Amino acid sequence: MVRSSKITWNGYKINRVKSFKYLGIHFDDRLNWLEHINKQGEKAIKMRENLKKIAGGNWGISQIHRWTLYKTVIERMLAHGSSAWCLNPTYKMKRKLSSIQRPFLLHISGAYRTTPTAALQTILGIPPLHMQLQFEARFTSIYRLKIPLPPFITDTQPHDLEMKATGWSTHPSEHLKPNQISFEDGEAYIARKDIINIFTDGSKTEHGVGAAFCVWINDIWAYQWSAKLNDNNTVFQAELTALHVEVIYASHLPNHNTSKIHVDNEQVSWHPPIQRAQTKQQEKFLKSSFQIQE
């Protein structure tokens, strides 16, 4: 017998093992993935037993809810890392996955134990587990990992697929351009030195909801205010909050000063509540009392 080679790493001996776990996937010395499937099968059995304890022998719920539990919990657990180990499942892997799936099919359908697995899959509309995992593995490889599939599977290349739009990763206000701010509607008032111009705005992004206003006097920012609102608030509510606080601020200014409130009210103009009588009266009062310029 030939003694196996010794492996060290930074002076530490690395012991030989038949299998190890990395990122939730079990690797065995033969790389046939049966060790991983066995471990996942043991976990699935424990989950099935726990569900039976919670809700009785038939899970105590309707078939559609049992079906949903299987698809969203059990199958998702078994599909972990499928792109690494289920691209080309062997016959042994298919049989093992089928034996894992069968008890769940029986519980979902309530059929006799002698019912063939293929019949259960057809009745419930659940594909064989190895086919479902292989489909997801191929989709993940070509769409997310950008790894081309063999020509006998598909001629589609990763660069031929259209990626989903992710939207703005940063708020536009963080990357302002010199000509991004427009004074088209209120430019005549801004140029006058005897008028206090006040600008209000509300915003909602993935970072949260906020309202703010600032005061412009003699070409300088004289005052500014901002606040963070609840994430459930709308842009319409943020706009009204900024306007409300700004009106209170303007009411304490000296009477001999003329104040112009500039409101970017695109949200307010189309929002259904603006058509209500009470809101119309408030809008009329604000315009007459403080000469609001939209």
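Quick notes on this one:
- When Ser83, Ser99 are checked against the criterion of being of a type in the set (Ser, Thr, Tyr), in the same structural domain as Phe27 (by the TED database) and exposed (fewer than 14 other Cβ atoms within 10 Å of the Cβ), a single residue qualifies: Ser99.
- Considering residues of the range 102-141 that are more than 19 Å from His80 (Cβ to Cβ) and β-branched (Val, Ile, Thr) only, the residue surrounded by the most Cβ atoms within 10 Å (Cβ to Cβ): Ile108
- Criterion: basic (Lys, Arg) and in a loop (DSSP other than H, G, I, E, B) - qualifying residue of Arg113, Arg95, Arg76, Arg102: Arg113
- All conditions but one from (1) part of a helix (DSSP H, G or I); (2) in contact with an Asp or Glu (Cβ under 7 Å, 6 or more places away or on another chain) apply to Phe213; the one that does not is (1).
- Boolean, His36 is touching a residue at least 12 places away in the same chain (Cβ under 8 Å) and not in a helix (DSSP H, G or I): no
- Boolean, Arg144 is of a type in the set (Lys, Arg) and closer than 22 Å to Gly41 by Cα: no
- Any hit, the range 189-200, residues being in a loop (DSSP other than H, G, I, E, B), of a type in the set (Lys, Arg), modelled with pLDDT under 70 and farther than 28 Å from Pro254 by Cα: no
- Tally, over the range 127-152, of residues that are touching a helix residue (DSSP H, G or I) at 6+ places or on another chain (Cβ under 7 Å) and assigned to a loop (DSSP other than H, G, I, E, B): 7
- Residue in the range 49-70 that is among the polar types (S, T, N, Q), in a loop (DSSP other than H, G, I, E, B) and either at pLDDT below 90 or more than 29 Å from the chain's Cα centre (by Cα) (or both) present: yes
The values are calculated or read from the model by the stated rules, or taken from the named source; none is laboratory data. The shown structure was predicted, so the numbers you read here are calculated from the model rather than taken from an experiment. Neighbour counts run over all protein chains shown; Cβ positions are idealised from the backbone, glycine included.
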